[in-house]
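One structure is given below, encoded as structure tokens.
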Amino acid sequence: MTVTKPMDVPENGDVARPEFASWLGVSNDITRMFLAAGGIPGMINIAGGLPEPETYPVSELAEIAARAVSEHPRDALNYSPIEGLPDLRDRIAKRYSTASLHLTRQNVIITSGGMQGLDLIGKVLLDQGGLIAAQSPTYLGALDAWRPRLPRFRRIYPDRQDFDAVEALAGAQFGYTVPNFSNPTGRLIGLARRQELVDASHRTGVWLIEDDPYGTLFYDGEPLPRMIALSGSSLASSGSPYDGPLIYMGTLSKELAPGFRIGWVIAAPEMIQALTIAKQGSDMCTSGLNMRIALDALDCGLPERALPRILDTYRSRRDALCEAMSEHLTEWFEWEKPVGGMFVWAVARDPRFDTDKLLQEALRAGVCFTPSSVFDPEGTTRQAVRINFTLNASDKLAEGVKRLATATKAYVAENIR
Ligand SMILES: Cc1ncc(COP(=O)(O)O)c(C=O)c1O
């Protein structure tokens, strides 16, 4: 380690401060615009990815939290092991094990939300300028997490007909996918494509992230197999813990409540060890109290009990949103009704649309959506909007869509001739 000598400090105190790190210069302004929009009274926010707080099982969680402190003070109130409480790691390993996927606690690290998992993976796999093969458009939070390494991105499109999984992954540090109801598009990666991605990851040796916050939010039809389970099936079963190249990420945020900041990464033991080293330098451990609450909630099946209400609420809001969109937005946009998740992705029929500009008009009309540019590492994709349907009641969603139609009409009159 090099130790540098302190510089002489001028006596008049008139010194220039050191500059901020250069990566801050490549972040986008839209996040700042959102934060400002949040404070405008009467604004309808269809931009975020927030759950409906009414769905949180408050009284049961309050009881579990009280028990966590009184009955398990050592777990709840001490520093915890960096990788997480052993019982919680075991619980997660058991939850995701299948006949062909053998998981033990060595395969699991508990993180402070799914977001921390993304950050830690970036820390352990990326040197400056490393290459990421990311499903495009890409979750904004993942781009934010990896930006400080100034990575290069290869955009990959698993939902296109001519997608070649080996070509997509070859040479990258890792691949990134959200197979269940991608953020932002709400689309599913189908079973055959999942298998192709898994096979390509095994063939090329490239780590492949399966980021799965929305896996339980299926409104129509049945969940598809997880890619990590498909990966387990293609390994010779040796009775030892999973050792393949898939990195699965889960979270309590959409199943129970995001305030706990409890997520998990499931991967080969060598990856869990690397993530543990990175986590030590990040926050040392996830909150013991919240891990204890998560463990008890999982043990007593709370997420499963909360799920039907969540699904009913979100399904009817999705239907209301899509109905309002059909009534007011078809002239300018096209979209697919998602079978799960939290978002509708609407693409402008006219390629000249710039939804960054449309957003300014929308804010004037009292509605805030997320423009497509923020899901593109270079910020150049301007033709689409992401609309969230989980946070607002159906009538408010309908009003938000009407305002968006008003804004679009004004935008088109002004900008597209
Ligand atoms: C695709 C994706 N990954 C990860 C996360 C992180 O979730 P959390 O940090 O709340 O667990 C989100 C949150 O919206 C997400 O959409």
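Every number in this text was worked out from the coordinates using simple rules, so none of it is lab data. Model, not experiment: these values are computed from the prediction. Cβ sites come from the backbone with ideal geometry, for glycine too, and all protein chains shown count toward neighbours.
I need to check one value: relative contact order of the chain, counting alpha carbon pairs closer than 8 Å and at least 6 residues apart, in percent.
After rounding, I find 23 percent.
Which number gives the lysine pairs in the chain that have C-alpha atoms under 26 Å apart and are eight or more places apart or on different chains?
15
Taking the mean number of other Cβ atoms within 10 Å as a proxy for protection, how do you rank 364-373, 91-100, 192-201 from highest to lowest?
Working: 364-373: 22.3, 91-100: 16.8, 192-201: 20.1.
Result, highest mean first: 364-373, 192-201, 91-100.
Looking at the chain as a GNM with Cα springs under 10 Å, which of Val15, Val344, Val166 has the largest mean-square fluctuation?
Ranking Val15, Val344, Val166 by mean-square fluctuation puts Val15 first.
Report the antiparallel proportion of the DSSP beta bridges in the chain as a percent, rounded to a multiple of 5.
That works out to approximately 55 percent antiparallel.
Go through 246-252, 16-22 and give me the packing order, highest mean Cβ count within 10 Å leading.
246-252, 16-22
What is the Cα convex hull volume of the chain when expressed per residue in Å³?
Looking at the chain, the number lands at 190 Å³ per residue.
What's the Kirkwood radius of the stretch 38-125 in Å, using all Cα pairs?
16.7 Å
Taking the alpha carbon gyration tensor of the stretch 59-300, what are the square roots of 5 times its eigenvalues, largest first, to the nearest whole Å?
After diagonalising the Cα gyration tensor, the semi-axes are 29, 19, 18 Å.
Which whole DSSP H helices in the chain pass both tests: a Cα extent of 18 Å or more along the axis and a mean Kyte-Doolittle value no lower than -0.5?
Qualifying helices: 58-71, 113-125, 394-415.
When DSSP beta bridges are limited to those with both residues in the stretch 59-300, what percentage is antiparallel, rounded to the nearest 5? Show your work: numbers first, answer last.
Values: 10 of 26 bridges.
In the stretch 59-300, DSSP labels about 40 percent of beta bridges as antiparallel.
Looking only at the stretch 285-299, which residues have a backbone nitrogen under 18 Å from a spot 7 Å from the Cα of Glu71 in the C-beta direction?
Under 18 Å, as judged by backbone N against the label point of Glu71, lie 288-299 of the stretch 285-299.
Could the peptides 119-132, 204-217, 148-161 be put in order, highest first, of the mean number of other beta-carbon atoms found within 10 Å of their residues?
For the peptides 119-132, 204-217, 148-161, the packing ranking is 204-217, 119-132, 148-161.
Residue farthest toward the positive end of the dipole of the chain, with Cβ of Lys/Arg at +1 and Asp/Glu at -1: which of Gly341, Gly117, Ser282?
Sorting the options by dipole projection puts first Gly341.
Taking only DSSP H segments of four or more residues, each worth -39500 (n - 2.57), what value at 222 nm results for the chain once the sum is divided by all its residues, to the nearest 500 deg cm²/dmol?
-12500 deg cm²/dmol
Along the charge dipole of the chain, which of Ser326, Gly186, Ala68 sits closest to the positive end, that is, farthest toward it, with unit charges on the beta carbon of Lys, Arg, Asp and Glu (+1, +1, -1, -1)?
Highest projection toward the positive end goes to Ser326.
Using the C-alpha gyration tensor of the stretch 201-323, what are the square roots of 5 times its eigenvalues, in whole angstrom, with the largest one first?
29, 22, 14
Based on Cβ point charges of +1 for Lys and Arg and -1 for Asp and Glu, what charge dipole magnitude is obtained for the stretch 59-300 about its Cα centre, in debye rounded to the nearest 20? Numbers along the way, then the final one.
Working: 23 positive and 27 negative charges, 86 e Å.
Here the stretch 59-300 has a charge dipole of around 420 debye.
Can you give the percent of C-alpha pairs in the stretch 150-250 whose distance is more than 19 Å?
42 percent
Considering every Cα-Cα pair within the stretch 325-417, what fraction, in whole percent, is farther apart than 16 Å?
The share of Cα pairs beyond 16 Å in the stretch 325-417 comes to 52 percent.
Taking only Cα atoms and a 10 Å spring cutoff, compute GNM fluctuations for the chain and point out the largest among Glu71, Glu361, Glu304.
Fluctuation is largest for Glu71.
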